[in-house]
Amino acid sequence: MEQWDTPAVLIDLDVLDRNLRETANRAARAGVKLRPHTKTHKSVWIAQEQIRYGASGITVAKLGEAETMAEGGIDDILIAFPVIGAAKLERLGRLMEKAKVTLSTDDVEVARQWSSLGRSLGRDVRLYVDVNTGLNRCGRQPGEETAELVKRIAELPYIRVTGLMTHSGHAYGHDAPEAIREAAKREADDLVSTKVLLENDGIAIEEISVGSTPTSKYVADVAGTGVTEMRPGAYVFGDGGQWKMGLIGEDECAMTIAATVVGRPRPGTIIVDAGSKTLSSDLSKYHPGYGIVLGHEGAVIERLSEEHGIVSVPDLDSFRIGETVRIVPNHCCVVTNLHDKLCGVRNGRFEKWLTVDARGKVR
């Protein structure tokens, strides 16, 4: 018998395990280290599973996530976000006593704060320099612009630049395999060419770290180019965005939402008990509405309030009050952070709760 009430976030443990294993194997075949981003699941247990399958360490978005993972025994952590300010630097210093921490930045003033921290701790601070390869979020331009930045940062005492990194999140804007493959090649080429410039000036770069779940599918195409590490995150659960852009199949979607039909107020409309606080308000360019109702091709979750999902349906008689429907969310990462725990199921039956240990760790 089902041992959860709705709305509930269900994680198919068999699908999760297969996703973890296949991505780890893909990285190993390409000779590239896997450093998965844990912002998708925020779970110490899943991070430990990723390491069990061969991940060299993990990536986090925020210092609070890093602290949570270190408390759970994870001891090699990349924080892919600038950590600045006195309060955070004090916490960072304590974290560095527990784990091997690598930081990331695209600004010499940020690195200057870390240099002061390194002096106070009497140790070098390891960091990656972020490079813009098309997302236009963080990072300077590849080539001379980034090379000049690295030179300035490398001059700071107690600073050790160990790598170049990028995040090609713009690859989610493509639904053609060739376009995603091209994004993967570009991020690799941009970083490697920047590394060559630096090495010509006597600055050694150990790691070339690329990111995003879409481009990770094409890591074989950049094997041997100089890429040393990849940092996908959303591959663990899959979601409607990845499915409908053609990146994965439905069978790779480990996360679904169980919701109950609680109303049929008018022809063509049902109400489910999953609103924005369950599904999130993220839309997808590849599918209408706020998720995909499995088994009901014409149904569209057209509006959300906080607790209500308003679903347009072609046949009202196909739904009854009290019926449970399953929804693949558009974006798995934000759904995770809305919940304290996820319901691990196997063969449709409850097996274990997965605690979202780093939920809300935004500082």
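The values are calculated or read from the model by the stated rules, or taken from the named source; none is laboratory data. Computed from a predicted structure; not experimentally measured. For neighbour counting, all protein chains shown are included, and Cβ atoms are generated from backbone atoms with ideal geometry for every residue, glycine included. Surface accessibility is based on the protein's heavy atoms, side chains included, excluding ligands, DNA and RNA. Shrake-Rupley method; radii C 1.70, N 1.55, O 1.52, S 1.80 Å.
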I'm checking my understanding of the structure. Among residues of segment 4-29 that are polar (S, T, N, Q) and within 30 Å of Asp273 (Cβ to Cβ), which one is surrounded by the most Cβ atoms within 10 Å (Cβ to Cβ)?
Asn19
Would you be able to say whether some residue in segment 165-178 is more than 27 Å from the chain's Cα centre (by Cα) and not small (Gly, Ala, Ser)?
no
Considering only segment 166-182, state which residues are open to solvent by less than 10 Å² (accessible area, probe 1.4 Å) and of a type in the set (Gly, Ala, Ser).
Ser168, Ala171
Could you look through segment 167-201, keep only residues that are part of a loop (DSSP other than H, G, I, E, B) and among the acidic types (Asp, Glu), and pick out the one that is farthest from Trp114 (Cα to Cα)?
Asp175
Given the condition in contact with a Gly (Cβ under 9 Å, 6 or more places away or on another chain), touching a residue at least 60 places away in the same chain (Cβ under 8 Å) and within 18 Å of Leu247 (Cα to Cα), answer yes or no: does some residue in segment 200-215 qualify?
yes
All helices (runs of 4 or more DSSP H) inside segment 202-294 with 1 or more residues being aliphatic (A, V, I, L, M) and crowded, with 24+ Cβ neighbours inside 10 Å
276-279
Just one listed residue, out of Lys341, Lys361, is of a type in the set (Lys, Arg), in contact with an Asp or Glu (Cβ under 9 Å, 6 or more places away or on another chain) and open to solvent by 10 Å² or more (accessible area, probe 1.4 Å), and it is Lys361
Here are some residues: Thr102, Thr59, Thr40. Which one is closer than 21 Å to Ser209 by Cα, touching a Pro at 6+ places or on another chain (Cβ under 8 Å) and modelled with pLDDT of 95 or more?
Thr59
Is there any pair linking a residue in segment 112-133 that is touching a residue at least 60 places away in the same chain (Cβ under 8 Å) to one that is open to solvent by 20 Å² or more (accessible area, probe 1.4 Å) and assigned to a helix (DSSP H, G or I), with Cβ under 7 Å and at least six apart or on different chains, and which?
Val131/Asp190
With respect to the numbered conditions (1) within 21 Å of Arg29 (Cα to Cα); (2) buried (at least 20 other Cβ atoms within 10 Å of the Cβ), which one is the sole condition not fulfilled by Lys195?
(1)
In segment 30-43, the residues that are of a type outside the set (Gly, Ala, Ser) and open to solvent by less than 20 Å² (accessible area, probe 1.4 Å)
Val32, Leu34, Arg35, Pro36, Thr38, Thr40, His41, Lys42
Hits in segment 90-109 - residues which are of a type in the set (A, V, I, L, M, F, W, C) and within 22 Å of Thr38 (Cβ to Cβ):
Leu92, Leu95, Met96, Ala99, Val101, Leu103
Identify the single condition in (1) open to solvent by less than 40 Å² (accessible area, probe 1.4 Å); (2) at pLDDT 95 or above that Arg160 does not satisfy, given that it satisfies every other one.
(1)
Test of understanding: among Leu135, Leu164, Leu156, Leu149, which residue is under 15 Å from Ile205 (Cβ atoms) and not in a helix (DSSP H, G or I)?
Leu164
Scan segment 252-267 for residues that are over 29 Å from the mean Cα position of the chain (by Cα) and of a type in the set (A, V, I, L, M) and report the count.
2
Close pairs (8 angstrom Cβ cut-off, 6 or more residues apart or separate chains): free of Cβ contacts under 8 Å to residues at least 60 places away in the same chain in segment 223-251, among the basic types (Lys, Arg) and open to solvent by 20 Å² or more (accessible area, probe 1.4 Å) anywhere
Gly226/Lys195
Single match in Arg140, Arg152 (criterion: in contact with an Asp or Glu (Cβ under 6 Å, 6 or more places away or on another chain), open to solvent by 70 Å² or more (accessible area, probe 1.4 Å) and not β-branched (Val, Ile, Thr))
Arg140
